[in-house]
1. Does the range A:127-176 hold any residues that are crowded, with 16+ Cβ neighbours inside 10 Å and of a type in the set (Asp, Glu), and which are they?
2. Are any residues in the range B:280-293 crowded, with 17+ Cβ neighbours inside 10 Å, within 7 Å of another protein chain (Cβ to nearest Cβ) and closer than 17 Å to residue B:241 by Cβ, and if so, which ones?
3. Of the residues that make up the range B:238-260, is at least one charged (D, E, K, R) and touching a helix residue (DSSP H, G or I) at 6+ places or on another chain (Cβ under 7 Å)?
4. Check off (1) within 30 Å of residue A:37 (Cα to Cα); (2) surrounded by fewer than 20 Cβ atoms within 10 Å (Cβ to Cβ); (3) basic (Lys, Arg) for residue B:255 and give me the number that stays unchecked.
5. Quick one: what pairs do we get from the range A:259-279, first residue over 15 Å from residue A:249 (Cβ atoms) and within 7 Å of another protein chain (Cβ to nearest Cβ), second among the small types (Gly, Ala, Ser) and outside any strand (DSSP E or B), C-beta under 7 Å, 6+ apart or different chains?
6. Looking at the range A:15-40, which of the residues that are among the β-branched types (Val, Ile, Thr) and within 14 Å of chain B (Cβ to nearest Cβ) is surrounded by the fewest Cβ atoms within 10 Å (Cβ to Cβ)?
7. Based on what the data block shows, is residue A:199 under 14 Å from residue A:231 (Cβ atoms), free of Cβ contacts under 8 Å to residues at least 24 places away in the same chain and of a type in the set (Lys, Arg)?
2 protein chains.
Amino acid sequence: MDKLVECIPNFSEGRRPEIIRTIADAITSVESAVILDIHSDRDHNRSVITFICDKQQAVEAAYQAYKVAERHIDLNQHEGVHPRIGAVDVCPFVPLNKTTMSEAVELSEALGQRVADELHIPVYLYEQAARTTERKNLANIRRGQFEELRDSVKYDTSKTPDFGHNKLHPTAGATAIGARMPLIAFNVFLNTNDKSIGRKIAGAVSGSKGGYRYVKALAFEIKSCSQIQVSMNLTDYRQTPIYRVFETIKSEASRYGVEVVSSEIVGLAPTAALLDSGAFYLRLKQDVRDVLLEERLKLVGLGEVTISTR
Amino acid sequence: MDKLVECIPNFSEGRRPEIIRTIADAITSVESAVILDIHSDRDHNRSVITFICDKQQAVEAAYQAYKVAERHIDLNQHEGVHPRIGAVDVCPFVPLNKTTMSEAVELSEALGQRVADELHIPVYLYEQAARTTERKNLANIRRGQFEELRDSVKYDTSKTPDFGHNKLHPTAGATAIGARMPLIAFNVFLNTNDKSIGRKIAGAVSGSKGGYRYVKALAFEIKSCSQIQVSMNLTDYRQTPIYRVFETIKSEASRYGVEVVSSEIVGLAPTAALLDSGAFYLRLKQDVRDVLLEERLKLVGLGEVTISTR
């Protein structure tokens, strides 16, 4: 399995676990596909499935997910705070091991062609797979969401999909397919329901608005707990680390008399990102990688040693 | 290598790297011994070697270290801020994998017998290997250090060693050998050189003085940087986590107008201890173990997948 990819489709369904289960089963019906994580959010009404797969079978596994989603998710009935254009809102491929980014782009194109041809869902290619600078940024593709795109795609040539026709699928809408480097999806919750405060704070950390270069942020109102959620993608945690963004949000929030209640990671994150946060707050003199017992055991070929604790 | 132990001898030498190198070579002359970490501290004038070894050869590997230390380290010439009673001040065994604590105790006894018989260094058994409640606590054994013990061992029957005679080795002094669970050696540095503040803060977190149950703490003056070091053993990081102790030190320090400058881990620490700190400070809703990409890959048998980053 030298040629592996990670695939992280986002579905506009977070309240019917049985549908997500059916989609997951469709993915794993493909031999080499292994699901790493399923994250469903009721408020977003959205689920993120993280799976990895042999490069040769990745398009098939993702296509199977589209097929089930197309049958069961109706955007006309969908409500949730997260912007979306389709039943499978977005489907990125991330190269692993020896897979290259251009191979991940090829997978996006192959999947895009098939989704448009067989399921009649128009496809926009984004990030590394984008064919225009405009479409590198997913936010541009998603602007206006399903409800507006349904009309504008018919007459606005800037909305013409990369695959498929100028007409959304009646229930499954459209979809964005792309290739990108790994990112961390990180949400921070504030003890306010004032959306204007949320928007200001999201703006303060967003690279596009003068914030941190590798942060994309939106603010959502989470009615179930009367909190504002700053929902982020950290696209390079080495250059813009989690703790720095978190501290800036804390500081900006306190300016409005608001406090950070909690945070969450959507899907999975590299262990190093969390270790770096531990080391930052503990003001550790050393490189945290140099003090980890398990890492040292691995280095000397003893990765399987278990350390008993009380 | 089902029956493994970890051994963490502490040597009263932190300024002559060539001596520590010679000791390390003596340890690894034993086939199954693998050194995981060497931590030398000039101010403590002390080095900690962490090695793991097949249970059958652990006594031999540790004994080789004692032999070199006995030849090269003279306690009469030794100065450093950390309390010590001998060239090898302390030598704990920690059971790994299928090794039991009682087997680790047997190793302490076998090593103690040999060090006393062949090198004429009196041996005190401590922690799980201790033969009296008093000696469970290393601090009791070390009280008065080399200089006082040299005299008191001759007439004070409470100082009679568990192996060897009532007479310290003229240069190598005495030694404490024991068996224990893993611990984290954690030092916090304060921007003051006022030892009385250091002592108060060390007292505030020490289990023996009303602080946290699984913390042992001392305060040292680090002249090289005019700082006070709170030097700790965290004997159960699950029950008394690093971040809680660190935050208490910060809070107590601020009461004296003093700040925490930095911290360090001596030797190695379980990765979980640092991840827990990251999750605490980021106020993560989830169990941090559930969001780690590498852990999830390991769970599905794909531990060797590499994730490229920019």
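The values are calculated or read from the model by the stated rules, or taken from the named source; none is laboratory data. Computed from a predicted model, the values in this text were never measured in an experiment. Methodologically, a virtual Cβ is constructed for each residue, glycine included, from the backbone with ideal geometry; neighbour enumeration extends over all protein chains shown.
1. A:127, A:162
2. B:281, B:282, B:284, B:288
3. Looking through the range B:238-260, at least one residue is charged (D, E, K, R) and touching a helix residue (DSSP H, G or I) at 6+ places or on another chain (Cβ under 7 Å).
4. (1)
5. Within 7 Å, the pairs are A:274/B:278; A:274/B:279; A:275/B:278; A:278/B:277; A:278/B:278.
6. The extreme case among them is A:28.
7. So residue A:199 fits the description; yes.
To keep it simple, each residue is scored yes or no on (1) more than 8 Å from chain B (Cβ to nearest Cβ); (2) at pLDDT below 95.
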{"position": "A:235", "(1), (2)": "yes, yes"}
{"position": "A:242", "(1), (2)": "no, no"}
{"position": "A:248", "(1), (2)": "yes, no"}
{"position": "A:254", "(1), (2)": "yes, no"}
